[in-house]
Amino acid sequence: MADLTDAGLKRTPLHGLHQRLGAKMVRFAGWEMPVQYALGVMKEHLHTRSAAGLFDVSHMGQVILRPRSGRVEDAAAALERLVPVDLLGLKEGRQRYAMFTSEAGGILDDLMVAHRGDHLFLVVNASRAEADIAHMKAHLSDVCEVLPVSGRALLALQGPAAEAVLDGVAHGCKTMHFMDVGVFHAGDAELWVSRSGYTGEDGFEISVPSEKAVGLAGVLLARPEVEPIGLGARDSLRLEAGLCLHGSDIDEGTTPIEADLAWAIQKARREGGAREGGFPGAPRILRELADGPARRRIGFLPEGRAPMRGGTPLFAAEDTAEPVGEVTSGGFGPSVDCPVSMGYVATGLAQPGTQLWGEVRGKRLPATVAELPFRPSRYKR
Amino acid sequence: MKFTEEHEWLKPEGDLVVVGITEHAAEQLGDIVFVELPEPDGSVSKGDEVVVIESVKAASDILAPIDGEIVEVNTALADNPGLVNEDAMGKAWFFKMKPANMADVDGYMTEAEYKDMIG
């Protein structure tokens, strides 16, 4: 294991706790983060699905958009310039998935946007936080203050036991539904809670003042249902849940329609909608919505036990020369107990049941296009 | 038993040598989810990639530690790759080789030397 001490990496407020818990730390998007704890990736994954897992996701960017007018709809309308999502239709206490698009229709980043009464609260990817903030400052400063939130950690508590555990600490959060947001108090700590996550399980994401983060994590970890979970299991959990990882499954070279994220573009922003277009890349994205994209993100199941990881070329037959696509994420799915992958193929080959071939170490191995998610999600709607 | 810098162990057994990976290596790799074994009938040269193991994190190659012929592979690993995490130094051997020259094994590290290397 390379020494990370002098690598100039940022550390979260839970760094000391990770070390005490025996985490294996790795470099991730400029941060020193736990990839696994003593349980190991497989057991951490299964534990999250059967009880509850606590994740430190403090590396993610938390940003407040505060409207200069004091009217939150002004901030929502301004942010609509950058995302193909209906934010004027987002109600107070609710959150939506969104993506910053480029002029070419690619995905600069994906994010969550919450309506918190007098402002919008955004959570963006760690690797893109700096670029996202600059992007918003350049395009929204006339209407909003763009305020990176410093001094708050971000935890995620995920799994079937998450509700009971968190409600014991932040009373009342069990009444929330999927994608609700609210403020709760745990002792003297103000928690900004959303009922959401990145695992396909019911669960919560909790923004907590940095100086209270270790205390909160300690209280949650003291419950027998809760184990600390690293980035390794976070990745296999989100892969089974069919959720995209920016930088792998989506990036500037993929459009939201190719990425099968059309569900995130509400009617108001589509052709004929009240606020049709008006976001970067709208011509291409609306055209692909109407006519279908040339290629599409799919899930597929390799036959046998060999994982097909990101970068594996995909073919329509065992002997054709030209690839028809590529794997963008792949690995072993501990809950489905077989290898699972996501990737892009020509639209004609995207139907579930279609046979594909992935080339692994020079050998063509068969795989079958499957519905996403690989495992039914268990959100509390 | 002898040890390589690639974290393999070699155990002479009659005129054969049994090869596996060390507990330390298994721990570093994490949960093993797939093992691809060679055909048990080929001659190999030292440094040939003969086994592929995939953990939840990544794929790694196991190299032939010496010249010789692979005469038997541990088919139990294909069905239960997790055996490598449970018993790396015992039941989770990968293959048995008939060495071209048994003396090649002697050049590798003793257990004490290996332990020094991994710290």
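Structure notes:
- In straight-distance terms, cross-link reach from A:Lys212 covers every one of the lysines whose alpha-carbon lies under 27 Å from its own, apart from those fewer than eight places away in the same chain; here that gives A:Lys10, A:Lys24, A:Lys174.
- Note on chain B: lysine pairs with Cα distance below 12 Å, sequence gap of 8 or more or different chains, count 4.
- Cα-derived Rg over Rh, computed across chain A with Rh taken as Kirkwood radius: 0.96
- Largest-first principal axis extents of the Cα set of segment A:1-117 (Å): 48, 36, 30
- Whichever lysines have a C-alpha closer than 20 Å to that of A:Lys267, once near sequence neighbours (fewer than 8 apart) are set aside: A:Lys91
- Gain upon complete extension [A:Ala38, A:Arg71; 0.36 nm per residue less C-alpha separation]: 7.1 nm
- Residue list for segment A:166-183, given a label point 7 angstrom along the Cα-to-Cβ vector of A:Trp263 and an amide N cut-off under 16 Å: A:178-180
- FRET efficiency estimate (nearest 0.05) - Cβ-Cβ, B:Met102 to A:Glu190, R0 56 angstrom: 0.20
- Using alpha carbons only, the radius of gyration of segment B:1-114 set against its Kirkwood radius gives Rg/Rh = 0.93.
- Dividing the summed helix terms, -39500 (n - 2.57) for each DSSP H run of n ≥ 4, by the number of residues in chain A produces a 222 nm estimate of -5500 deg cm²/dmol to the nearest 500.
- Taking amide H as placed 1.01 Å from N in the peptide plane, the amide H of A:Lys380 sits under 5 Å from that of A:Phe178, A:Gly203, each at least 5 places away or on another chain.
- Modelled this way, with points 7 Å down the Cα-to-C-beta line, the labels at B:Asp87 and B:Glu39 are 3.0 nm from one another.
- Fraction of C-alpha pairs exceeding 14 angstrom in segment A:32-73: 64 percent, rounded to a whole number.
- Measuring spread by the Cα atoms of segment A:212-319 yields a radius of gyration and Dmax of 19.7, 59 Å.
- Computed log₁₀ I(q)/I(0) - Debye formula, equal Cα scatterers, no solvent, segment A:142-296, q 0.14, 0.15 Å⁻¹: -0.88, -0.96
- Segment A:Asp291-A:Glu145, extension gain: residue separation times 0.36 nm, minus the distance between their alpha carbons: 48.8 nm
- Ordered by the count of other Cβ atoms within 10 Å of each Cβ, fewest first, A:Thr320, A:Thr254 give A:Thr320, A:Thr254.
- A Förster radius of 35 Å, combined with the Cβ-Cβ distance separating A:Ala104 from A:Arg381, puts the computed FRET efficiency at roughly 0.50.
- Per-pair calculated FRET efficiency, R0 = 45 Å: A:Ala274 and A:Ala346 via Cβ, rounded to 0.05: 0.85
- A simple spin-label model places pseudo-atoms 7 Å from Cα toward Cβ; at A:Thr368 and A:Arg81 they are separated by 5.0 nm.
- Kirkwood-type radius of segment A:101-230, with distances r between different C-alpha atoms, in Å: 16.1
- Positive dipole terminus of segment B:58-119, leading residue within B:Ala112, B:Pro99, B:Ile70 (C-beta point charges): B:Ile70
Values in this text are rule-based calculations from the coordinates and carry no lab data. None of the values given here were measured: they were computed from a predicted structure. All Cβ positions, glycine included, derive from the backbone under ideal geometry; neighbour counts span all protein chains shown.
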